[in-house]
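Colleague: I'd like to ask you about the structure that follows.
Only the coordinates and a few stated rules stand behind these numbers; no lab work does. Owing to the predicted nature of the structure, the values given are computational and were not obtained by experimental measurement. We place every Cβ from the backbone using ideal geometry, glycine too, and count neighbours over all the protein chains shown.
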Amino acid sequence: MDPEEYRRAAYASVDYIVDYYKTITERQVVSDVEPGYLRQLLPTEMPQEPESWDDIHKDFDSHIVPGLTHWQSPNFLAFFPALFFDMNG
């Protein structure tokens, strides 16, 4: 990445985090994927050429996020309350 590509990727990451917290109450708190689900979604070999940030972000959103437990969700009731930032106001 050159410096400008890095800047765009960093801004996109911050935007993603803000959007994540704005929509956290709409997300299913606990994942319903089966253990090992990710293995079949990953390539068997490392890429030979670098991938664009957009492709990496799409993979993260479609492959990783479905397996997350959203611990910071106000809908998550566990042993103690999580700190929640109201991103809507």
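Colleague: Quickly run through segment 13-51 and pick out the residues that are touching a helix residue (DSSP H, G or I) at 6+ places or on another chain (Cβ under 9 Å), of a type outside the set (D, E, K, R) and more than 18 Å from residue 76 (Cα to Cα).
Modeller: Within segment 13-51, 13, 16, 37, 38, 41, 42 qualify.
Residue-wise test of (1) under 14 Å from the mean Cα position of the chain (by Cα); (2) assigned to a loop (DSSP other than H, G, I, E, B); (3) aliphatic (A, V, I, L, M); (4) surrounded by fewer than 10 Cβ atoms within 10 Å (Cβ to Cβ).
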| site | (1), (2), (3), (4) |
| --- | --- |
| 13 | yes, no, no, no |
| 29 | yes, yes, yes, no |
| 44 | no, yes, no, yes |
| 51 | no, yes, no, no |
| 60 | yes, no, no, no |
| 69 | yes, yes, no, no |
